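A.B. asks: Sending over a structure as structure tokens; questions will come in a sec.
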Amino acid sequence: MSSGAASDRVVRTVAVIGGGVAGIAAAVRAAESGWRVILLESSGRLGGRAGSFDDVRSGLELDVGQHVVLGCCTNILELYDRLGVLDQLDWQNTLWFARGAGAFDALSITPWIPAPLHALPSFARMRLLRLGEKWSISRALLAILRLGPKGRVAWQGRPFGEFLSQHRQSARAVECFWDPIVLSACNLSCARCEATHALKVVDEGLLAHPFAGALGVSRVPLSQLYGATESIITQAGGEVRFGTTAKALAFDGARITGVVCDDGVIPVQAVITALPPDRLARLCSDTLRAKDKRLANLERFLFSPILGVHLAFRRRVMTTPNLALPTRLTHWLFSHDAPTNDGCVQRVSAVVSSAEAWIGLSESAITERVLADLRWAIPECRNEDLLWSRPILERHATFAGVPGIESIRPRARTEAGDLRGGVENLFLGGEWTDTGWPSTMEGAARSGFAAATACTNSTSGVAADLPPATLVRWARLLSN
């Protein structure tokens, strides 16, 4: 009897549905907590919307879209640490802004200047902005700093454009400064974006900590970052099932008993869903949705598209690692040194956020629009320098973080005392859940960690935020 003590331990099984960032984070955390994880992914590789694919035209593995992390994204960085790939990130301390005709401004972190003043010298030198615009932007930044997390609550349910209007930001200041930042982080313009999302990004990404705004870009195709996931899961007794699509959640009226797939039912003790809300809705019966109020608003979530365009050039056309294009249809450019056998010397990833106006355009029309914006920023770039282009439109790239969205984002677990009860072994992940973040990889990782922690009752939890700098804390204390 005594010799079997360790082997007699009951190992519980959890199905994690969806192999994007949220699902990977949930699966890794659950496996580390001693659970047997069955990770179900309908495609042949991990990463989802933050992954990569084999492009038959170019013969390369291309990212679905350009994704970056900020220094303030503590949970996606913890996930990368768990997967052993932190060294695959290149860190950039400068954001470059194009003024047209080959002129650029640098918004840089000065390491020896304390936050929130660490970018002030370079901001003061920006020629893109007029002196009056710099003063008005500085006043708005100070107001955001003073608000802090507690003050942001008063702006919930209102558009960020209203905040900017109240703080007298001109249309040009919005177009040249605020929109490039908010579009890249929230995938909506300032006029459409939930104010608390934009306020959080500006406060915690630009102001609160000197490392917060550092930009991390993967030097390898994104799906390669997740390579250790399968070994972590299998070493804990679990498995990753690629090419397996969940069809429904088996529900007995009180608990989830399994996941219905093409090849049968997988019996489990718990389920973590890491799917977008529209796909989750297809798995849930009316009986299940009536039982758990977290599932009531799945159809109310809208989506915002992102267009990514991979451009391969015969010579180096970009001299900066990133470049914002204020006032243009294309919003950001990222350069990648990627010599290939076809003569490509540099690849450029162009990003168009909130890309509704581009839907329906042909690939040639998309390429010409992006090249026109690139020539506006870098006149020496010529059409004949282009080897090939590959536009990728992700229609459901992010949930639309519009005003009012926070009131319907569900928590990972059902809460005691819910009027409609809930399903205690169903846990919700995905960046659209109640993470406190806009639709980002950081929000996805947070949701996965939160769902797995709730499922396994582990103490790991969600990674702590970067602590605000001393001057930031004092500014908030003095303003309250």
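A.B. asks: Kindly state which strands (runs of 3 or more DSSP E) lie completely within the stretch 189-291 and contain at least 2 residues that are over 19 Å from the mean Cα position of the chain (by Cα) and over 29 Å from W155 (Cβ atoms). Lay out the reasoning, then the answer.
C.D. replies: Working: elements: 215-218, 239-242, 246-251, 256-261, 264-267, 270-273.
Correct list: 239-242, 246-251, 256-261, 264-267, 270-273.
A.B. asks: Here's a follow-up. Only one of these is at pLDDT below 95 and either in contact with a Ser or Thr (Cβ under 8 Å, 6 or more places away or on another chain) or of a type outside the set (K, R) (or both): P121, P111, P116. Name it.
C.D. replies: Values: P121 fails: at pLDDT below 95; P116 fails: at pLDDT below 95.
Exactly one of P121, P111, P116 is at pLDDT below 95 and either in contact with a Ser or Thr (Cβ under 8 Å, 6 or more places away or on another chain) or of a type outside the set (K, R) (or both), namely P111.
A.B. asks: Write out, first by first residue and then by second, each pair whose Cβ atoms fall under 7 Å of each other, whose residues are 6+ apart or on separate chains, and whose first residue, in the stretch 104-123, is under 22 Å from T327 (Cα atoms) and open to solvent by 40 Å² or more (accessible area, probe 1.4 Å) while the second is assigned to a loop (DSSP other than H, G, I, E, B) and among the hydroxyl-bearing types (S, T, Y).
C.D. replies: Between residues of the stretch 104-123 that are under 22 Å from T327 (Cα atoms) and open to solvent by 40 Å² or more (accessible area, probe 1.4 Å) and residues that are assigned to a loop (DSSP other than H, G, I, E, B) and among the hydroxyl-bearing types (S, T, Y), the close pairs are F104/T320.
A.B. asks: If you don't mind, there's one more thing I want to ask. How many residues are over 26 Å from the mean Cα position of the chain (by Cα) and either modelled with pLDDT under 95 or not basic (K, R) (or both) when one looks only at the stretch 372-401? Spell out the reasoning first.
C.D. replies: Narrowing the stretch 372-401 to residues over 26 Å from the mean Cα position of the chain (by Cα): 372, 375-388.
Narrowing further to those that are either modelled with pLDDT under 95 or not basic (K, R) (or both): 372, 376-388.
Adding up the residues that qualify gives 14.
A.B. asks: Among the candidates G205, G132, single out the residue that is small (G, A, S) and in contact (Cβ under 8 Å) with a residue 40 or more places away in the chain.
C.D. replies: Details: G132 fails: in contact (Cβ under 8 Å) with a residue 40 or more places away in the chain.
Every option except G205 fails the conditions.
A.B. asks: If you scan the stretch 83-93, which residues turn out to be assigned to a strand (DSSP E or B) and either free of Cβ contacts under 8 Å to residues at least 24 places away in the same chain or not polar (S, T, N, Q) (or both)? Lay out the reasoning, then the answer.
C.D. replies: Restricting attention to the stretch 83-93, the residues satisfying the condition of being assigned to a strand (DSSP E or B) are 89-92.
Once the filter is applied, which keeps residues that are assigned to a strand (DSSP E or B) and either free of Cβ contacts under 8 Å to residues at least 24 places away in the same chain or not polar (S, T, N, Q) (or both), the stretch 83-93 yields L89, D90, W91.
A.B. asks: Here's something else I'd like to know. If you check R36, R29, which single one turns out to be open to solvent by 40 Å² or more (accessible area, probe 1.4 Å) and over 25 Å from D203 (Cβ atoms)?
C.D. replies: Numbers: R29 fails: open to solvent by 40 Å² or more (accessible area, probe 1.4 Å).
From the options R36, R29, the qualifying one is R36.
A.B. asks: In the stretch 121-139, what residues are closer than 21 Å to T196 by Cβ and in contact with a helix residue (DSSP H, G or I) (Cβ under 7 Å, 6 or more places away or on another chain)?
C.D. replies: Initial filter on the stretch 121-139 (closer than 21 Å to T196 by Cβ): 137, 139.
I137 - this is the single residue of the stretch 121-139 that is closer than 21 Å to T196 by Cβ and in contact with a helix residue (DSSP H, G or I) (Cβ under 7 Å, 6 or more places away or on another chain).
A.B. asks: Same structure again: Mind checking whether some residue in the stretch 94-101 is in a loop (DSSP other than H, G, I, E, B), open to solvent by 70 Å² or more (accessible area, probe 1.4 Å) and at pLDDT 95 or above? Give the steps one after another, and end with the answer.
C.D. replies: Our first condition is that a residue be in a loop (DSSP other than H, G, I, E, B); within the stretch 94-101, this holds for 101.
Remaining after also requiring open to solvent by 70 Å² or more (accessible area, probe 1.4 Å): 101.
Still in the list and also at pLDDT 95 or above: 101.
Yes, some residue in the stretch 94-101 is in a loop (DSSP other than H, G, I, E, B), open to solvent by 70 Å² or more (accessible area, probe 1.4 Å) and at pLDDT 95 or above.
A.B. asks: I'm trying to understand the selection: among the residues of the stretch 401-416, which are assigned to a loop (DSSP other than H, G, I, E, B) and either touching a residue at least 40 places away in the same chain (Cβ under 8 Å) or surrounded by fewer than 17 Cβ atoms within 10 Å (Cβ to Cβ) (or both)?
C.D. replies: First, the residues of the stretch 401-416 that are assigned to a loop (DSSP other than H, G, I, E, B): 401-404, 409-416.
Scanning the stretch 401-416 gives G401, V402, P403, G404, P410, R411, A412, R413, T414, E415, A416.
A.B. asks: Inspect the stretch 155-178 for any residue being of a type in the set (G, A, S), at pLDDT 95 or above and within 16 Å of D465 (Cβ to Cβ) and give the result as yes or no.
C.D. replies: Initially, the stretch 155-178 is screened for residues of a type in the set (G, A, S), giving 157, 161, 165, 170-171, 173.
Checking the rest, the ones that are also at pLDDT 95 or above come to 157, 161, 165, 170-171, 173.
Filter again for within 16 Å of D465 (Cβ to Cβ), leaving none.
No; the residues of the stretch 155-178 include none that is of a type in the set (G, A, S), at pLDDT 95 or above and within 16 Å of D465 (Cβ to Cβ).
A.B. asks: Okay, moving on. Just name the residue that is nearest to R300 (Cα to Cα) out of those in the stretch 263-277 that are out of contact with any Gly (no Cβ under 9 Å at 6 or more places or on another chain) and open to solvent by 40 Å² or more (accessible area, probe 1.4 Å).
C.D. replies: Among those residues, the one meeting the criterion is Q269.
A.B. asks: Given the stretch 302-386, what strands (runs of 3 or more DSSP E) lie entirely inside it while holding 2 or more residues that are without any contact (Cβ under 8 Å) to a residue 24 or more places away in the chain and out of contact with any helix residue (DSSP H, G or I) (no Cβ under 8 Å at 6 or more places or on another chain)?
C.D. replies: Values: elements: 303-313, 322-324, 332-337, 346-353.
Here the list reads 332-337.
A.B. asks: What single numbered condition from (1) touching a helix residue (DSSP H, G or I) at 6+ places or on another chain (Cβ under 8 Å); (2) touching a residue at least 24 places away in the same chain (Cβ under 8 Å); (3) assigned to a loop (DSSP other than H, G, I, E, B) fails to hold for G461?
C.D. replies: (2)
A.B. asks: Return the residues of the stretch 188-219 that are of a type in the set (D, E, K, R) and open to solvent by 10 Å² or more (accessible area, probe 1.4 Å); say none if nothing qualifies. If you could, list the steps in order and put the result at the bottom.
C.D. replies: Narrowing the stretch 188-219 to residues of a type in the set (D, E, K, R): 192, 194, 200, 203-204, 219.
Passing the criteria: R192, K200, E204, R219.
A.B. asks: Here is a follow-up. In the stretch 138-187, what residues are out of contact with any Asp or Glu (no Cβ under 9 Å at 6 or more places or on another chain), open to solvent by less than 40 Å² (accessible area, probe 1.4 Å) and not in a helix (DSSP H, G or I)?
C.D. replies: If the condition is that a residue be out of contact with any Asp or Glu (no Cβ under 9 Å at 6 or more places or on another chain), open to solvent by less than 40 Å² (accessible area, probe 1.4 Å) and not in a helix (DSSP H, G or I), then N187 is the only one that fits.
The values are calculated or read from the model by the stated rules, or taken from the named source; none is laboratory data. Treat the numbers as computed from the prediction; the structure is a model and nothing was measured. In this analysis, Cβ positions are derived from the backbone assuming ideal geometry, glycine residues included, and neighbour counts consider all displayed protein chains. The accessibility values were calculated without ligands, DNA or RNA, using every heavy atom of the protein model including side chains. Shrake-Rupley method; radii C 1.70, N 1.55, O 1.52, S 1.80 Å.
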